1. H113 versus V141, label points 7 Å from Cα toward the beta carbon: distance in nm?
2. Show me, for the range 67-80, the HN-Hα J-couplings you get by feeding each phi into the Karplus relation (A = 6.51, B = -1.76, C = 1.60, θ = phi - 60°), rounded to Hz, glycine and proline as x.
3. Find the relative contact order for the range 51-164 and round it to a whole percent, using C-alpha pairs within less than 8 Å whose residues are 6+ positions apart.
4. For the peptides 60-67, 150-157, what is the packing order when you average, over each peptide's residues, the other Cβ atoms within 10 Å and list the highest mean first?
5. Taking the Cβ of V142 as the center, what net charge do the other residues with Cβ under 13 Å away carry, scoring Lys and Arg +1 and Asp and Glu -1?
6. If you take every residue apart from G157 with its C-beta less than 12 Å away from the C-beta of G157, what net charge results, scoring Lys and Arg +1 and Asp and Glu -1?
7. Can you compute 3J(HN,Hα) from phi for each residue in the range 147-152, using the Karplus curve 6.51 cos²θ - 1.76 cosθ + 1.60 with θ = phi - 60°, rounded to whole Hz and x for Gly and Pro?
8. Report, please, the projected area of the range 48-159 averaged over directions, based on the convex hull of its C-alpha atoms, in nm².
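No lab work stands behind these numbers, since they all come straight from the coordinates. The structure displayed is predicted, hence computed values, not measured ones. Glycine also receives a Cβ, built like all others from the backbone with ideal geometry; neighbour counts cover every protein chain displayed.
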Amino acid sequence: MQDSQFWTSVFRPGSIFRKGYTDSPRNRSYVIMNSVLYHLHPVKVKRHAVKVSYTLCLGGLSFFLFILLTITGIFLMFFYRPTAAAAWSDIESLHTQVSFGLLVRNMHRWGAHLMVISVFLHMARVFYHGAYKAPREFNWVVGVMLLKLTLLLSFTGYLLPWDQ
């Protein structure tokens, strides 16, 4: 029994059962970091998991567009007042007086349109492939909530220019 592979792997020199395990913040952080690294770079990867598909980029594209919208939105926040009286004049001054104002506004607008499209396509892909089933139900619920949040924010963003 003591010569079996299980016994020697559990009670090998350096094992926590043989040396003892000191519960310290450093050891806990080491265990957590080790788990994160094994999650990012697992020892074994299934063949179908690395199959390249053109729809795999939709989640990353949505995240990139979110970052782009955050940066351009912060920039536009400095030059725009969302009131009925000042909105039109702020948009005009953004186009004519602010350096790269028109470019940033157009990036923000097209980024918002593309984000709604990419999030819809991403959710359709997840639904089509059945990736909402166990054990990923929580991911699906979070994705649906993010889709609703994206639609809500895009609706409020489309109303802001007051360009009727």
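1. 3.6
2. 5, 4, 5, 5, 5, 5, x, 5, 4, 5, 4, 6, 10, 10
3. Reported as a whole number, the value is 35 percent.
4. In decreasing order of mean packing, 60-67, 150-157 become 60-67, 150-157.
5. Values: positive: R136, K148; negative: E137.
For residues surrounding V142, the net value is +1.
6. +2
7. Residue by residue, the range 147-152 yields 5, 4, 5, 4, 5, 5 Hz.
8. 8.2
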